[in-house]
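Notes follow the structure.
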Amino acid sequence: MSKIDAKILVLDDDQGVLYTANMILKQHFQTVITEKDPAKLDFLLNQHEYDVIVLDMNFSYGLTGGKEGIKLLKRVLEKDPKAHVLMNTAYGDIDIAVEAMKEGAVDFLVKPWQKEKLLATVQAIYELSKSRKEVEELKSSQKILMKDQQKEFSDIISVSPAMKPIFHTIEKVAQTDANVLILGENGTGKELIAREIHNQSKRANENFIKVDLGAISSSLFESELFGHVKGAFTDAREDRPGRFELATNGTLFLDEIGNLSLPLQAKLLTALQFKQISRVGSNKVIPLNIRLVCATNMPLYEMVKHNEFRQDLLYRINTVEIKLPPLRERKEDIAPLAKHFLTVYAKKYQKEKMRLNETTLNKLLGYSWPGNVRELQHAIERAVIMANSPLLAPEDFLLKDDSVDTNQPESLNIEVMEKMAIQNAVRKAGGNLTQAAKELGFGRSTLYRKMTKYGL
């Protein structure tokens, strides 16, 4: 018979009671801790989180009033208000029982108890504890999932020959659990590809959990990914599952993985290697069952050469690699994408009769779209909002000058000039950030930081 994975604490001054309780409960529960000295209660509570605590009412010789037990009960609940405590006494005084229940005890057991009575009571309290934890975790999960509420994503729109090999790869890899690394410039649609892999997989009915690693501070990394227990740190006011747990049986999408520092890369690698995590502040091991998809716009292979990204982590995440072409290399997709976004935003802003004329479409086709599909999407939305006519004209699209600007900027503000220099260098390098960094005389890491700063 397999034992229940639970921790039971029995605190009683009678060594015989401890021995009997341990003998009975150990047959059914994974961990049973017994202790005679009530002075060790705080230490025991700091060591573990218990599913059930069996607590004696009287410890000092000759006392039968139960005040010691009530005091210890209050101490337990101060440390953990969600603790499930079973009070245990040889004196069946109903007044003591009522007071204990008022103070927060779950049940009351009178000694001497029968073996079946002890076991049945502890099992019932364990089931109650388990149910309440599941409800709390469900509420916590729902809070996070509500924050991660997915935007309305359309199916991938493409007629470009450059995208056909990518679709073939998605079809092949989706049915496996192989880790996938998606590379590509900002705005190329890496998240859409990750979602498509999930949607075509056997995990499609489970959660797709996205984590923007570029937006998580190093101090919150473990809490966000692995979760935490109440009291693990100052603001940990409740137990909270991490993104790994939320993605159980589903897909975990780690976006901007190239932004992780080396220490955080090591923590992520450990979780992936051993396929298990522990919440911050807990010793309980949680096995992982996820499909991992990662994405970045950074040159990971160059970063490995310069010891900025761990080679072993790269090997771990790129069982299959997908490289998305920028929009300038799939110009066949500009027109269908533009028409799709026009339909979406014309409906959203109640301007359903809007359309593009041929001159306007030619302007869009002639632009290099350094911001890729995302830039096209935002350009269409702005044009729909600002246009005075149902027919979108070229002047409704305020696109950046596609040539490298060698003229003096209107502003001599240092940050304005630096931003313009970065834009020109990236344009000149055709989107190759390593080459652009050399052109500017920056290190790659410096260029990445500055692009993030200026929203490029």
Length added when fully stretched, Val285-Leu77, from 0.36 nm per residue minus Cα-Cα: 72.4 nm
Relative contact order computed over the chain (Cα-Cα under 8 Å; 6+ residues apart), in percent: 11
So what's the convex hull volume per residue for the Cα atoms of segment 208-313, in Å³? 95
Solvent-accessible area per residue, Å², over the chain with all protein chains present [probe radius 1.4 Å]: 53
For segment 1-116, inverting the pair-averaged 1/r of distinct alpha-carbon atoms gives a Kirkwood value in Å of 14.3
Partner aspartates and glutamates for Lys351 [C-alpha distance under 14 Å; skip if fewer than 8 residues away on the same chain]: Glu381
Burial ranking of peptide ranges 393-399, 116-122, 8-14 (average Cβ count within 10 Å, highest at the top): 8-14, 116-122, 393-399
Hey, any idea what the orientation-averaged projected area of the convex hull of segment 257-338's Cα atoms comes to, in nm²? 8.0
When the C-alpha atoms of the chain are aligned to their principal axes, what extent does each axis show, in angstrom, from largest down? 97, 51, 47
Full extension between His168 and Ala215 adds, at 0.36 nm per residue less the Cα distance, a length in nm of 13.7 nm
Tell me the carbon and sulfur percent of the accessible area for segment 222-379, rounded to whole percent, probe radius 1.4 Å. 49
Of all DSSP beta bridges in the chain, antiparallel share, percent nearest 5: 10
Please report the relative contact order for segment 181-264, taking Cα pairs under 8 Å with a sequence separation of at least 6, and give it as a percent rounded to a whole number. 36
Work out the length of the dipole vector of the chain about its Cα centre, built from +1 on the beta-carbon of each Lys and Arg and -1 on the beta-carbon of each Asp and Glu, and round it to the nearest 20 debye. 860
For segment 297-456, build the convex hull from the C-alpha positions and give me its volume per residue in Å³. 148
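The values are calculated or read from the model by the stated rules, or taken from the named source; none is laboratory data. Keep in mind the model is a prediction, meaning the values are calculated, not measured. Heads up, the Cβs are rebuilt from the backbone with ideal geometry, glycines too, and the neighbour counts pull from every protein chain shown. To get the accessible areas, we keep the full protein, side chains included, count just its heavy atoms, and leave off ligands, DNA and RNA. Shrake-Rupley method; radii C 1.70, N 1.55, O 1.52, S 1.80 Å.
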